[in-house]
Amino acid sequence: MEQNENRYEELIRAFHLTWDAFPGTARLIDKGNHVLAVNQAAAAAGLTEGQVCAKIGAPESHRGCRKALALSTRTAQVDRPIENKIRAWVPVEGYPEVVVHFSVMLPECNQ
């Protein structure tokens, strides 16, 4: 058990190095839907580690969740639930039970 905790410790540290400055919400989520880490934007939105992601927000916001598909196929999954929002589930190499789930609002086009 201690080895797995240490393994996640390194993963969580790497997650923060990579995702904390991302302009949308990003979460590290395991196959049981437990949030292992959140980036700064997610924390500012009230998301915290330890939450069960499937219980956050309105149930309909989880329609079309592709976490299970990302885990089973080991390929990133992307959708666009509304016109100006993209969300994705990205498998983490070396951690077959973990994905990074992010959402980002699309800015207006610069013209």
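The values are calculated or read from the model by the stated rules, or taken from the named source; none is laboratory data. Everything numeric in this text was worked out from a predicted model, so none of it was measured. Cβ sites come from the backbone with ideal geometry, for glycine too, and all protein chains shown count toward neighbours.
In this structure, does T48 turn out to be touching a residue at least 24 places away in the same chain (Cβ under 8 Å), closer than 21 Å to Y8 by Cβ and of a type in the set (S, T, Y)? Explain how you work it out, then say what you get.
On the way: touching a residue at least 24 places away in the same chain (Cβ under 8 Å): no; closer than 21 Å to Y8 by Cβ: yes; of a type in the set (S, T, Y): yes.
No.
State all residues of region 74-111 that are in contact with a helix residue (DSSP H, G or I) (Cβ under 7 Å, 6 or more places away or on another chain) and among the small types (G, A, S); if no residue qualifies, say none.
A76
Are any residues in region 39-87 among the acidic types (D, E) and under 14 Å from the mean Cα position of the chain (by Cα), and if so, which ones? Spell out the reasoning first.
Keep residues of region 39-87 that are among the acidic types (D, E), which gives 49, 60, 79, 83.
Selection gives E49, D79.
Please list, ordered by first then second residue, the pairs with beta carbon atoms under 8 Å, 6 or more apart or interchain, first in region 10-37 and farther than 19 Å from R87 by Cα, second surrounded by 14 or more Cβ atoms within 10 Å (Cβ to Cβ).
L11/L28; L11/L36; L11/V92; L11/Y95; L11/V98; I12/L28; I12/L36; I12/A37
Select from region 84-111 the residues that are more than 20 Å from A43 (Cα to Cα) and not in a strand (DSSP E or B) and list them in ascending order. So that I can check it myself, show each step before the final result.
Within region 84-111, the subset more than 20 Å from A43 (Cα to Cα) is 84, 91-97, 107-111.
Correct list: N84, E93, G94, P107, E108, C109, N110, Q111.
What tally of residues in region 95-111 results from selecting those that are free of Cβ contacts under 8 Å to residues at least 12 places away in the same chain and farther than 17 Å from T25 by Cβ? First the steps, then the outcome.
Initial filter on region 95-111 (free of Cβ contacts under 8 Å to residues at least 12 places away in the same chain): 107-111.
With the extra rule that they be farther than 17 Å from T25 by Cβ, the set shrinks to 108-111.
The qualifying residues number 4.
If I ask for residues that are at pLDDT below 95 and not charged (D, E, K, R), which ones from region 95-111 would you list? Walk me through how you get there before you give the answer.
In the first step, residues of region 95-111 are kept if they are at pLDDT below 95; the result is 105-111.
Residues satisfying the conditions are M105, L106, P107, C109, N110, Q111.
Can you pull out every residue in region 54-85 that is modelled with pLDDT of 90 or more and either closer than 15 Å to W19 by Cβ or of a type in the set (S, T, N, Q) (or both)?
S72, T73, T75, A76, Q77, N84
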